[in-house]
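Here's the structure we're looking at; comments come further down.
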Amino acid sequence: MEFNKIEVLLEKYFEGETSIAEETELKNYFSSANVAPHLEQYKAIFGYFEVSKAQKLTKKPLFVSRKRKINWLAIAASIVVLLGIGTYTYNNMHIAKESKELGTYDNPEEALQATQKALAMLSDNVNVGIEGVQYLQVYEVTKEKVFIE
């Protein structure tokens, strides 16, 4: 009879419908020596509660205050923002200096010489391209002679 009652209590326990008194009754039953053989598998579940009660905390837990974490986070964020602003300002000043120096000549003769030099380099590269096109035209004429359509 007692086994049937324990089985009903177990079903209620696994459904989450037991009261504190019924759970205490289950714990007492499974901690005793006369447990039914087919209910032995549940003995470890209820034996765990006794073991966990006996355990004591040996180390003192380290508590880091939340306020302290927030302070470090604010400091780190402000440093990142300052570094970003500093890098942006430095790069803009460096680019502004370079843009003032590019392409400006006080003496018109120097400007003329620099322009002629740049146009001569451009002309050399264009001439190389034209020679390549002339080679292709010779190839086309030769191809038409060989392959008559």
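Label Ala76 and Ser52 with points 7 Å out from Cα along Cα→Cβ: what is the distance between them in nm?
Label at Ala76, label at Ser52, 3.4 nm between them.
Using the alpha-carbon atoms, what tilt in degrees (0 to 90, nearest 10) does helix 20-31 show relative to the longest principal axis of the chain?
Rounded to the nearest ten degrees, it is 80.
Can you give the extra length, in nm with one decimal, that the chain gains between Thr142 and Gln116 once fully stretched, where that is 0.36 nm per residue apart less the Cα-Cα distance? Working shown, then result.
Numbers: separation 26, 0.36 × 26 = 9.36 nm, distance 3.89 nm.
This chain segment gains 5.5 nm when fully extended.
What is the helix-to-structure angle for 66-101, meaning the angle in degrees between its Cα long axis and the longest Cα principal axis of the chain, kept from 0 to 90 and rounded to the nearest 10?
Computed tilt is about 10 degrees.
For the chain, what is the mean residue ellipticity at 222 nm derived from helices alone (per DSSP H run of n ≥ 4: -39500 (n - 2.57); sum divided by total residues; nearest 500 deg cm²/dmol)?
Details: 5 runs with 113 residues, N = 149.
The helix contribution divided over the chain gives -26500 deg cm²/dmol.
Nearest 10 degrees is fine. How inclined is helix 108-146 to the longest principal axis of the chain, computing both from alpha carbons?
Its long axis makes an angle of about 90 degrees.
If you roll a 1.4 Å probe over the chain with all protein chains in place, what percent of the accessible area is carbon or sulfur? Display every interim value, and only then the final one.
On the way: 8440 of 13660 Å².
Whole-percent figure for carbon plus sulfur exposure: 62.
When only Cα pairs under 8 Å and 6 or more residues apart are kept, what is the percent relative contact order across the chain? Provide the component values of the computation, followed by the final result.
Details: 21 pairs, mean separation 14.4, N = 149.
Relative contact order for the chain comes out at 10 percent.
Which one is right for this structure if percent of Cα pairs over 27 Å apart is calculated from it: [x] 20; [y] 72; [z] 31?
[y]
Enter the accessible area per residue of the chain (Å², integer; probe 1.4 Å; all protein chains in place).
Details: 13660 Å² over 149 residues.
Using a 1.4 Å probe on heavy atoms only, each residue of the chain averages 92 Å².
The values are calculated or read from the model by the stated rules, or taken from the named source; none is laboratory data. Computed from a prediction, not measured in an experiment: that's the story for all the values here. Note that each Cβ is placed from the backbone with ideal geometry, even for glycine, and that neighbours are counted across all protein chains shown. Accessible surface is based on the protein model in full, side chains and every heavy atom, while ligands, DNA and RNA are left aside. Shrake-Rupley method; radii C 1.70, N 1.55, O 1.52, S 1.80 Å.
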